[in-house]
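Written below as structure tokens is the structure these notes are about.
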Amino acid sequence: MSDEKIFLENESRYGFDETVEKIAFEFQKRSWSLSFTHDLQQTLAKHGKEVLPVKVLALCHPKHSGHILDKDHERIISSMMPCRVSVYEKSDGKTYVSRINASIMAKSIGGLIETVMTNSSDEVEEILTGLLIVNN
């Protein structure tokens, strides 16, 4: 699934709600924490704007984040934490999953941050693999 794009998007094998549930389950099964789910459809509805379903899952794993957050000079990257996976419907009625291609971004940073972000990104992709349709 990895390529040179900054943002990765794949169609889900499941509907919207089932995709959100399966992603949460698969990450938590592998000791990731789901710190928050942002329901952007609901947020916008409170402001009178109707959009198709969009949920952004904020995910964190201590083995990755701990390497960065316990070093003062690496904390600058904390604005990109935790990892985020977005699930949304498009007007074609299909459900999609997107995420930042952190390993591509990490190359420009280097050092410990590159190592941690690449490892984290690889793990995210591994977890998502069974849930997504990969376009060749």
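Each Cα pair under 8 Å and six or more residues apart adds its sequence gap; the mean of these over the residue count of the chain is a relative contact order of 33 percent. Of interest is the spacing of the C-alpha centroids, which for segment 81-99 and segment 55-80 amounts to 21 Å.
Which of these values of Rg and Dmax of the Cα atoms in Å was calculated from the structure shown: (i) 14.4, 45; (ii) 15.3, 46; (iii) 16.3, 55? Read-out taken from this structure: (ii). Helix 16-29 and the longest principal axis of the C-alpha atoms of the chain enclose an angle of approximately 30°. In this label model, Ser91 and Arg75 are separated by 4.6 nm, measuring between points 7 Å along each Cα→Cβ vector. The angle between the Cα long axis of helix 111-128 and the main principal axis of the chain comes to about 30°, on a 0 to 90 degree scale.
What's the tally of Lys pairs in segment 9-136 whose alpha-carbon atoms lie under 29 angstrom apart, where the two lysines are 8 or more places apart or on different chains? Taking segment 9-136 as the scope, the lysine pair count is 24. Relative to the current alpha-carbon distance between Ile133 and Leu44, full extension at 0.36 nm per residue lengthens the span by 29.2 nm.
Values in this text are rule-based calculations from the coordinates and carry no lab data. Being a predicted model, the structure only gives us computed values, none of them experimental. A quick note on method: Cβ atoms are made from the backbone with ideal geometry, for glycine too, and the neighbour counts reach across all protein chains shown.
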